[in-house]
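Q: So that we are looking at the same thing, I have put the structure below in structure tokens.
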Amino acid sequence: MIQINSEFFILENNKNKILNNITKYCSKCYKEFSQNDEIFLNKNNYEYICKDCACCLTQEIDNSEDECDLSECKNEVTLF
Ligand SMILES: [Zn+2]
């Protein structure tokens, strides 16, 4: 499991504020966030993304050998 790159992605603590005022959906995969999801802010473009997408992007940024949990990750996600 990849560690999310915290230089690029900030874990949002104020989840309720985001869900109520900003967005309910990941801006990469358009998954609807649930109360249990961790939401990350992409510092590069200020989009809110789910943990899976943050993981995929981290993998690309770090050029990591570790695989993200999502098998379809590499094909679906384009970096920024
Ligand atoms: Zn996503």
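The values are calculated or read from the model by the stated rules, or taken from the named source; none is laboratory data. Given the structure is predicted, the values throughout are model-derived calculations rather than measurements. Every residue, glycine as well, gets a Cβ built from its backbone with ideal geometry; the counts of neighbours run over all protein chains shown. These area figures cover heavy atoms from the full protein model, side chains too; ligands, DNA and RNA do not enter into them. Shrake-Rupley method; radii C 1.70, N 1.55, O 1.52, S 1.80 Å.
Q: Name the residues in segment 38-57 that are among the β-branched types (Val, Ile, Thr) and either near the ligand (Cβ under 8 Å from one of its atoms) or open to solvent by 40 Å² or more (accessible area, probe 1.4 Å) (or both), would you?
A: If the condition is that a residue be among the β-branched types (Val, Ile, Thr) and either near the ligand (Cβ under 8 Å from one of its atoms) or open to solvent by 40 Å² or more (accessible area, probe 1.4 Å) (or both), then Ile49 is the only one that fits.
Q: Could you grab me the full set of residues in segment 1-37 that are in a loop (DSSP other than H, G, I, E, B), within 11 Å of the ligand (Cβ to nearest atom) and surrounded by 14 or more Cβ atoms within 10 Å (Cβ to Cβ)?
A: Initially, segment 1-37 is screened for residues in a loop (DSSP other than H, G, I, E, B), giving 1-8, 12-14, 23-24, 26-31, 33-37.
From what is left, the residues that are within 11 Å of the ligand (Cβ to nearest atom) are 26-31, 33, 37.
Scanning segment 1-37 gives Cys26, Ser27, Lys28, Cys29, Lys31, Phe33, Asp37.
Q: I need a count of the residues in segment 38-67 that are more than 21 Å from Asn20 (Cα to Cα) and assigned to a loop (DSSP other than H, G, I, E, B).
A: Here the count works out to 6.
Q: Of all residues in segment 29-48, which are of a type in the set (D, E, K, R) and in contact with a Ser or Thr (Cβ under 9 Å, 6 or more places away or on another chain)? Spell out how you get there, then give the answer.
A: First, pick out the residues of segment 29-48 that are of a type in the set (D, E, K, R): 31-32, 37-38, 43, 47.
Within segment 29-48, just Glu47 meets the criteria.
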